[in-house]
Amino acid sequence: QVQLVESGGGLVQAGASLRLACAASGFAFSRYTMAWFRRAPGKEREFVAGIAWRPSTTAYDDSVKGRFSISRDNAKNTVFLQMNSLSAEDTAVYYCAANAGGVTRVSRAYEHWGQGTQVTVSS
């Protein structure tokens, strides 16, 4: 049974940092591209960052470049999203997703999804 379980969300003030984690099970994690998406209130789900399985090529949305960093620990089947300098515009539910292909911003390319973790940034 495939599972992606996100953790690390919460309520923080603008300028703070958070580190999200996504624990995966039930599939060959080390051979999957992993990504983070987010859905803000009243908006569509959007790509935040992705990391390929080999090599660990990364990609970021322009809105988070220089502030967010995605990484993975294949030994622990976990992908992380380090978020720094958070602003109110980063408030959203953050989702972890897995894709057997390469890094893509297209959400329908991702086969497996977590339930999401809420990140709220107060200004």
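The values are calculated or read from the model by the stated rules, or taken from the named source; none is laboratory data. Note that the coordinates shown come from a computational prediction; the quantities given were computed from them, not determined experimentally. Here the Cβ is made from the backbone with ideal geometry for all residues, glycine too, and neighbour counts use every protein chain on show. With ligands, DNA and RNA removed, areas are computed over all heavy atoms of the protein, side chains included. Shrake-Rupley method; radii C 1.70, N 1.55, O 1.52, S 1.80 Å.
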Would region 1-73 count as rounded, prolate or oblate if I go by the C-alpha gyration tensor, calling it rounded below 1.5 in a/c and otherwise prolate when a/b exceeds b/c, oblate otherwise? prolate
Expected vector for region 23-34, Karplus 3J(HN,Hα) from phi with 6.51, -1.76, 1.60 and θ = phi - 60°, integer Hz, x for Gly and Pro, equals 8, 10, 7, x, 8, 7, 3, 5, 10, 10, 6, 10
Taking alpha-carbon centroids only, region 92-108 lies from region 1-52 a number of Å equal to 9
Enter the accessible area per residue of the chain (Å², integer; probe 1.4 Å; all protein chains in place). 51
At R0 = 22 Å the Cβ-Cβ FRET efficiency linking R67 and R31, nearest 0.05, sits at 0.15
Evaluate the charge dipole of the chain about its Cα centre and quote only its size in Debye, nearest 20, assuming +1 on the Cβ of each Lys and Arg and -1 on the Cβ of each Asp and Glu. 220
Report, by chain and number, residues whose modeled amide H sits under 5 Å from the one on G116, excluding near sequence neighbours (fewer than 5 apart, same chain). E6, C96
Quick one: net charge of S85's neighbours, Cβ under 14 Å, K/R +1, D/E -1? +1
Note on region 74-123: alpha-carbon gyration tensor, axes a ≥ b ≥ c; rule is a/c under 1.5 for rounded, else prolate if a/b larger than b/c, else oblate; result prolate
Just to confirm a number: summing +1 for Lys and Arg and -1 for Asp and Glu over residues other than A40 whose beta-carbon lies under 14 angstrom from that of A40, what do you get? -1
Relative contact order of the chain (C-alpha contacts under 8 Å, at least 6 apart) in percent is 36
Roughly how many nanometres apart are two label points built 7 Å out from the Cα toward the Cβ at T58 and S87? 2.0
Given the protein chains as shown and a 1.4 Å probe, how many square angstrom of L4 are accessible, to the nearest 10? 10
Cα convex hull of the chain - mean projected area over all directions, nm²: 6.8
Run the accessible area of the chain with a 1.4 Å probe and give the carbon-and-sulfur part as a rounded percent. 46
How much solvent-accessible surface does D62 expose, in Å² to the nearest 10, with a 1.4 Å probe and all protein chains in place? 120
At most 15 other Cβ within 10 Å, DSSP loop - GluC sites (Glu not before Pro), region 24-113: E44, E111
